[in-house]
Structure formats: C-alpha cells, structure tokens
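Structure first, then comments.
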Amino acid sequence: MSMICYLTSLTPAQISTFTGAPELVSAYVENALETGINDPLEAKLAKGPPEMLKQYLAAKHSLAATMKSAAEPGRPPSPLDRLGPFQPLLDLQKSWHVLHYLLTGRMDTSGSLGDFLLTGDPIGDDQGYGPARLHSPAQTSAISGFLAPITAETLVKRLDLKRMTDQGVYPMTPYDERAGLDGWDMDISDTFPRLKDCIDVAAARGDGLLIWLS
C-alpha cells in the first residue's frame, strides 16, 4: 500500500478550532481528499494576488455547501462549513520521503527545520499512517526561511540513487545504474517548487501547516 503525503495551510482560527475539537480533522481530511486535489485553476491562482484566490475559494466553498444541502435535504450544517474556505491541498504523492532525505541527509528526523514533513504536533485520529500533524504559524514562517536559499537544482544535485536505495529511502526500488536518475530529477524539479510555494504563501498569510500520510 502506498504512503501518500498531503499538505495544506490553515488559518489561526482553523488551527484553534481543530485544536479544540480534534475529531474534526478526520472530517476535514475526508472532505479535502474528495474535493481539494488537482484543481489546475487553484494552482494558477495561488501564484497570483491573494484576493483572487480568496474569492475563488469562497465561491467554491459556497457552491459545495449548496450542493451538499441539495443532495442531503435537512442535513444539519457541519462545523467545517463555518471554517471554510480552506486553502488548496498539495499532494506530494510518494515524493515526500525523498524530499525529506534530500533536505536533511537522513532517513529519520535530524532535529532541524528540514524535518517538517515528518514532524509537527499530532492532532486527531489516525489517517492511515498516524495522525495529522500541525505546524504553527511561527514554525511555518521558520520553515519558509529554511527553504528560502534551497532550489530544486540544489536537491537534484544531492540525488544518489544507489546510496538512497541501499539505505531504504521510500519508495526507492532496487538500484539499476542503467536507469540513471530514473526520473527522480524531473520529479523533484516539479514537486519541490510547488512545496516551497505552498509554504511561502502560508507564511506570508500568517498561516500554519497541516500534514498527514495516508
């Protein structure tokens, strides 16, 4: 079974609500996985003026709530309805452990800010591979600062597939030198900038991060 990493940003108000009612995290995760992935327009708007993305998310949230009400007449409002709109969900697929290794040089946690994909304050129920984890707005700002000087090119240069395979970095397959970088250079070149952008935008808004594996 695959281990997929998901990441999103949360406003301080959303963090406060989840902290006070951690059972809502599972409801959020279920809804986010149904509606929040692979929206090309959201990805484009996330790089533009914040107000445009805010307006789009508000309209999307309102439409989703209306459709739910129409599909389920008499359904009481969900606490999530009052918390939205939520920011777009970033799907790191299976790249999360490779990214962690390239950022820290370790399989496990290193005690540095580069650990952020594996750390955070646990919250709520098990999402498949443990509970979701929260990083506060202050921690998110620090993570953004840590990532600032790092580029995708920097990480690609750190790729050592034989060593990473020998150490068991997920999801590496048995090393074959004929395969070269086996596509990981292209994967990191695509995934890392999107991860960095997501965290930079969250830090600029004063938001925190929610990360989970499922």
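Of (1) of a type outside the set (Phe, Trp, Tyr); (2) over 20 Å from ALA203 (Cβ atoms); (3) surrounded by fewer than 19 Cβ atoms within 10 Å (Cβ to Cβ); (4) at pLDDT below 95, PRO85 satisfies all except one. Which?
Among (1) of a type outside the set (Phe, Trp, Tyr); (2) over 20 Å from ALA203 (Cβ atoms); (3) surrounded by fewer than 19 Cβ atoms within 10 Å (Cβ to Cβ); (4) at pLDDT below 95, the lone unmet condition for PRO85 is (2).
Kindly list the number of the only condition in (1) in a helix (DSSP H, G or I); (2) surrounded by 15 or more Cβ atoms within 10 Å (Cβ to Cβ) that fails for ALA204.
(2)
Against the conditions (1) assigned to a loop (DSSP other than H, G, I, E, B); (2) closer than 29 Å to GLU23 by Cα, where does VAL169 fall short? Just the number, please.
Exception for VAL169: condition (2).
For region 142-177, how many residues are within 28 Å of ASP207 (Cβ to Cβ) and of a type in the set (Val, Ile, Thr)?
4
For region 26-50, how many residues meet the condition of being more than 14 Å from the chain's Cα centre (by Cα) and at pLDDT 70 or above?
Residues meeting the conditions: 6.
Working only within region 97-147, note down all residues that are among the hydrophobic types (A, V, I, L, M, F, W, C), out of contact with any strand residue (DSSP E or B) (no Cβ under 8 Å at 6 or more places or on another chain) and closer than 17 Å to LYS196 by Cα.
Residues satisfying the conditions are VAL98, LEU99, LEU102, LEU103, LEU113, LEU118, ALA138, ALA142, PHE146, LEU147.
So, in region 160-209, of the ones that are of a type in the set (Lys, Arg) and farther than 17 Å from LEU102 by Cα, which residue ends up modelled with the highest pLDDT?
Once the filter is applied, the top-ranked residue is ARG205.
Return the pairs, sorted by first residue and then second, in which the second residue is in a loop (DSSP other than H, G, I, E, B), the first residue lies in region 130-146 and is closer than 22 Å to ILE4 by Cα, the beta carbons are less than 7 Å apart, and the residues are 6+ apart or on different chains.
Listed pairs, sorted by first residue: ARG133/THR119; ARG133/GLY120; LEU134/GLY120; HIS135/PHE116; HIS135/GLY120; THR140/ASP207; ILE143/PHE116.
Any residue at all in region 189-201 that is assigned to a helix (DSSP H, G or I), surrounded by fewer than 15 Cβ atoms within 10 Å (Cβ to Cβ) and of a type in the set (S, T, N, Q)?
Yes, some residue in region 189-201 is assigned to a helix (DSSP H, G or I), surrounded by fewer than 15 Cβ atoms within 10 Å (Cβ to Cβ) and of a type in the set (S, T, N, Q).
Which members of region 111-129 meet the condition of being small (Gly, Ala, Ser), exposed (fewer than 15 other Cβ atoms within 10 Å of the Cβ) and free of Cβ contacts under 8 Å to residues at least 40 places away in the same chain?
Result: GLY111, SER112.
Would you mention how many residues in region 181-209 are under 21 Å from PRO171 (Cβ atoms) and small (Gly, Ala, Ser)?
The qualifying residues number 2.
The values are calculated or read from the model by the stated rules, or taken from the named source; none is laboratory data. From a predicted model like this one, the values you see are computed outputs, not experimental measurements. Note that we place each Cβ from the backbone using ideal geometry, even for glycine, and neighbour counts take in every protein chain shown.
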